[in-house]
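Undergrad: Below is the structure I would like to discuss, written out as C-alpha cells.
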Amino acid sequence: MPSMTMVEAIRDAHMVAMEGDDRVVVFGEDVGFFGGVFRCTQGLQERFGDHRCFDAPINESAIVGAAIGMAAYGLRPCVEMQFADYMYPAYDQIVSEAARLRHRSAGDFTAPIVVRMPSGGGIFGGQTHSQSPEALFTHVAGLKTVVVSNPYDAKGLLIAAIEDDDPVIFLEPKRVYNGPFDGHHDRPVVPWSKHPLGDVPEGHYTVPLGEARVHRAGSDLTVLTYGTLVHVAQTAAEERGVDAEIIDLRTLVPLDVDAIVESVAKTGRCIVLHEATLTSGFGAELSATVQERCFYHLEAPITRVCGWDTPYPHALEWSYFPGPDRVGRAMEEVLAA
Amino acid sequence: MKKPELDEKVERVALMRKQLVRVLDDDGQAVGEWVPDLSVDDKIAGLRDMMTVRTFDARMLRAHRQGKISFYMQALGEEAIACGQQRALRPGDMHFPTYRQQGLLIAAGYPIVQMMNQILSNEEDPLKGRQLPVLYSAKSHGFFSISGNLATQYPQAVGWAMASAMRGDTAIASAWIGEGASAENDFHAALVMASTYQAPVILNIVNNHWAISTPEDFARGASATFADRGYGFSIPAIRVDGNDYLATYAASQWAAERARANLGPTLLEWITLRRGAHSTSDDPSVYRPDHESEQFPLADPIDRLRQHLTALGAWDDDRHESLQREITAEIETALAEADSHGSVKSGAVPGPATMFDDVFAELPRHLREQRGQVGE
C-alpha cells in the first residue's frame, strides 16, 4: 500500500473523484496552474484540463457563490479557501445560501458542494493563518462539518464529501499535512511514511461521514477530539502513562453520538480537546452531549482543554496551543477527581 | 439609438452606459434600430402578462389587508422588465431573481394558484411553508429559489452560467438585482467572475430609484449611472427604458444572443420607478415626495404598450376591458382554490414534523431525535 502525506492523500482523493465523475470541478485561489499553496490540487489541471480545475480571482464569496450556482446546474464543485481564516467573505454564501438551499426550496434546488480549508495553527501563522472556525459551521443547520487528522481518513472522507448530496465543510489542520504532529514543536516531526495512517489505498474508497474512529483504545478516561489534537492526546497519554481512549470524531455534524456514549459509559471520565477558542466552541456541545447522555456513568467532571479566548498569537503560539503538557495535566486531574 | 452588433467592441458601446435605449415614442410608435421582431399576438401576450402581474399584485395586497396573508411585495410600475425578458429568453435558461420579478413566473406560465399557495403558506405550498411570501422557487420554469438575503444570487447566476458553458450547453443565466443592493459585495464579486470567465450571463440591475427609504444615489455614489459599474470590468453595459415593453424585450434578446454566441456577459440597467411601497411593512409617505409617480417621465408600462397596440389598430377600450375582466376572473378563481387549502393565518399549514425534511438529503440522527420531540 502506498504511503502518502495528508497533502498527497487529499490530492489523490481529488484525482479519484474527478476521474469517477466528470461533474466534479475544482477551483480556488492559486488552485489551478500552481496547484494550491499547500499543493493539495497539484497536477489536477494538467490531468483534467482547465475546465475541470482552474484558478479563481481572490474573492471567497465569488468562489463559493459560483460553486452554488454550478451545483444548482448539476455539477459537483469542490472549492478551496486558501486558509480557513479567509473564509469570512464567503460565510454568507455558505450559511445563508448553500446550507439552506435544499430546505428553503423544498428540494427544488440543492447545493452539493465541498468547501475545503486548511485550518489550525502551529505553523507560526499568526492570527490570520491559524484559526479553527469549525463551531461557526457546526452551529448552522444544513451543513456537514468534517475535520481530518490523517492521510487515510482525509482521502476517504474527501471522496465521501464530494459524493455527498449536501454541502460539506472540510477542515484540514495544516499542522498535520506532513506528519502526525505530537505537540512538541521543539522536536522533529515523524513523517506520515512512518505512521500506519499514512498507508493510503490506491483508487476509490470512502470513510463515511458521521462515523468516529477509536484512535487509541483505553480504559482510564475518554478523550473526545479531532484534527491535530488527536495526536497531541496520544502523546500526552503515553507520556503520563494514562490508558486513555482517544476518539477521533472526524465528522462533527452529523456527530457519532453512539461512539461517544459507548466510550464514556466504559471509562466514566471524559476530557474534550480542541484548538479553537474555548467559549462557545464545539467542546461545549460535546460536553453537553456527554452530560445529557452519560451523567450517571461519570465519576469526574468533564474537562475541556482548548485554545484560550484570545486571537491566535504569533510569538506566543506555543503558549496558546493546547500542547501535551496542558492535556497531560488535565488527564491527571480528571483521574484524581 | 444605434443598436450595436453583438460582437461590437466594448469601447464602442461604452457610451451606451450613459444613454437610454427606447423603442416606443411618446405617441406609442415603435421607432429606431431596437424595434424587436414581435407580432401583434406577441405584443398582446406581453400586455396580458403585465396586466396579470398588476391584477395579481392588487389582489394579494387586498388579501393582506383582509388579513389572509402575512406579507406581500408588489411590482407596480416595473412589470415590463421581468415580463419582457422572460419572453425574450428560452426554456432551459435560468433566472436568479429578486422578490420583485414575479413577472418572470407569470410570463413563463407558472400556475398562479401555486404562487398563491406559496404566499398563503398553506398545505399545498410547494415550499412547505418554509419561506416568506413571494420568495418562490420554480426550477421547472427556470426560476431559482429566492433567498431573501440581498445580492447573494448574483455570483450564483454567474456560476450557473459558467457550468452551462463548461458542459457545452447553450442555456444561459440571468441575474437580477435592485439598484440599492448593487452596493453589496456580492454584486462586485459577480462582475469580476463574469468578466474573468466571460460567463454567458445577463446581469440585470433594476433601478426603481428606491431602496426602501433611500434614493438611488446612496448605492450609485458619484457614478453617473449604475450601468457605469460594467465599464470597469469591460462588460458591455446598456441603460434601457424599463417601462417600454418593446425595449425590455429587445435589450434582453440582444444580451441573450451575445451570451449564447459565447460573447460573454452583458449588464442591463433598467430605468423604472417603484410606484408603491417597498413591501406591506413599509410606509413610503414618510420619505417620498408627493406626486413622484405622476411626474416620472417614463410613464406607465401597461399604458404605453396599450397605446402602441391601439395605434397599430390592433386594440381598443372594449378589448382591453374584456381582457381585464378575464384576468380578474382568472385570479379570483385561483384565489378561491388556494384559499380552500388553508393559510398560515387559518393554521392549515404543513405539519411540524415536515420542518425537519430537506435540511439534509437524509435525516441524520440528531434531527430524527428532535423530530421525535416536536411531535406531529
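Undergrad: At 25 °C and 0.890 mPa s, grab the translational diffusion coefficient of segment B:223-376 from Stokes-Einstein with a Kirkwood Rh over Cα pairs, rounded to a whole number in µm² per second.
TA: 114 µm²/s
Undergrad: Once amide H atoms are built 1.01 Å from N in the peptide plane, which residues 5 or more positions from B:Val206, or in another chain, come under 5 Å H to H?
TA: Amide H to amide H, under 5 Å and 5 or more residues apart or across chains, B:Val206 pairs with B:Ile177, B:Gly178, B:Glu179, B:Trp270.
Undergrad: Modelled label-to-label distance, B:Gln29 and A:Asp21, 7 Å Cα→beta-carbon offset: nm?
TA: Here the answer is 6.0 nm between the modelled labels.
Undergrad: At 7 Å along Cα-to-Cβ for each site, give me the label-to-label distance between A:Lys194 and B:Gln19 in nm.
TA: The modelled label-to-label distance comes out at 7.4 nm.
Undergrad: So, one more: With viscosity set to 0.890 mPa s and temperature to 25 °C, compute the Stokes-Einstein D of chain B, Rh being the Kirkwood radius across alpha carbon pairs; µm²/s, no decimals.
TA: Translational D for this selection: 114 µm²/s.
Undergrad: Something else: At q = 0.21 Å⁻¹, what log₁₀ I(q)/I(0) does a Debye calculation on the Cα points of segment B:161-249 give, no solvent, two decimals?
TA: -1.09
Undergrad: Same structure again: Taking only C-alpha pairs under 8 Å that are 6+ residues apart, what is the relative contact order of chain B in percent?
TA: Over chain B, the number comes to 24 percent.
Undergrad: Sticking with this one: Residues with amide H under 5 Å of B:Thr152's amide H, sequence separation 5 or more or different chain, H placed in the peptide plane at 1.01 Å from N; which?
TA: none
Undergrad: Under a Cβ-Cβ cut-off of 13 Å, what is the net charge of the residues other than B:Gly221 that fall near it, where Lys and Arg count +1 and Asp and Glu count -1?
TA: Local net charge: -2.
Undergrad: Next question, about the same structure. Could you calculate the FRET efficiency of B:Ser340 with A:Ala288 from 1/(1 + (r/R0)^6), where r is the beta carbon distance between them and R0 is 45 Å, rounded to 0.05?
TA: 0.50
Undergrad: Across all directions of projection, what mean area in square nanometres is found for the Cα convex hull of chain A? Mind showing how you got there, number by number?
TA: On the way: hull surface 64.0 nm².
Answer in nm², one decimal: 16.0.
Undergrad: Per Stokes-Einstein, at 25 °C and 0.890 mPa s, what whole-number D in µm² s⁻¹ belongs to segment B:1-60, with the Kirkwood radius over Cα pairs as the hydrodynamic radius?
TA: Translational D for this selection: 171 µm²/s.
Undergrad: Compute the FRET efficiency between B:Glu332 and B:Asp42 as 1/(1 + (r/R0)^6), taking r as their Cβ-Cβ distance and R0 = 35 Å, and round to the nearest 0.05. Mind showing how you got there, number by number?
TA: Working: r = 27 Å, r/R0 = 0.77.
According to the calculation, E is roughly 0.85.
Undergrad: Please give, to one decimal in nm, the separation of the simple spin-label points placed at A:Asp165 and B:Ala361, each 7 Å out from Cα toward the Cβ.
TA: 0.5 nm
Undergrad: How large is the direction-averaged shadow of the alpha-carbon convex hull of segment A:1-111, in nm²?
TA: In nm², the orientation-averaged hull projection of segment A:1-111 is 7.5.
Undergrad: Where the eigenvalues come from the Cα gyration tensor of segment A:195-300, what are the semi-axes √(5λ) of the equivalent ellipsoid, largest first, in whole Å?
TA: 22, 17, 14
Undergrad: Sticking with this one: Search the structure for amide H atoms under 5 Å from the amide H of A:Asp22, placed 1.01 Å from N in the peptide plane, and list their residues when 5 or more places away or on another chain.
TA: none
Undergrad: In units of 2.2 N^0.38 Å, what is the alpha-carbon radius of gyration of segment B:202-311?
TA: This ratio for segment B:202-311 stands at 1.20.
Undergrad: So the label point goes 7 Å from the Cα of A:Asp243 along Cα→C-beta, right? Which residues of segment A:207-221 then have their backbone N under 17 Å from it?
TA: A:215-221
Undergrad: What is the percent of Cα-Cα separations in segment B:74-187 that go past 24 Å?
TA: That fraction is 24 percent.
Undergrad: Among the DSSP beta bridges whose two residues both lie in segment A:215-277, what percent are antiparallel, rounded to the nearest 5?
TA: 10 percent
Undergrad: Hey, another quick one. In vacuum, with every alpha carbon of segment A:242-337 counted as one equal point scatterer, what does the Debye formula give for log10 I(q)/I(0) at q = 0.10, 0.12, 0.15, 0.24 Å⁻¹? Two decimals, please.
TA: Calculated log10 I(q)/I(0) at the listed q: -0.27, -0.39, -0.61, -1.36.
Undergrad: Still on this model: Pop the C-beta distance of B:Asn185 and B:Ala348 into the FRET formula with R0 = 56 Å and round what comes out to the nearest 0.05.
TA: According to the calculation, E is roughly 0.85.
Undergrad: For a bin width of 5 Å, list the pair-distance distribution of segment A:8-69 built from all Cα-Cα distances, rounded to whole %.
TA: 4, 20, 30, 26, 16, 3
Undergrad: Okay, next question. Hey, got the Cα dimensions of the protein assembly as shown along the principal axes, in Å, largest first?
TA: Extents along the principal axes, in whole Å: 96, 57, 45.
Undergrad: Now, a different point. Quick check on segment B:289-365: what does the Kirkwood estimate of hydrodynamic radius come out to from the alpha carbon pairs, in Å?
TA: On the way: mean 1/r = 0.0564 Å⁻¹.
For segment B:289-365, the Kirkwood estimate is 17.7 Å.
Laboratory data are not the source of any read-out in this text; all were calculated from the coordinates shown. As the structure is a computational prediction, the values presented were derived from the model and not from experiment. In this analysis, Cβ positions are derived from the backbone assuming ideal geometry, glycine residues included, and neighbour counts consider all displayed protein chains.
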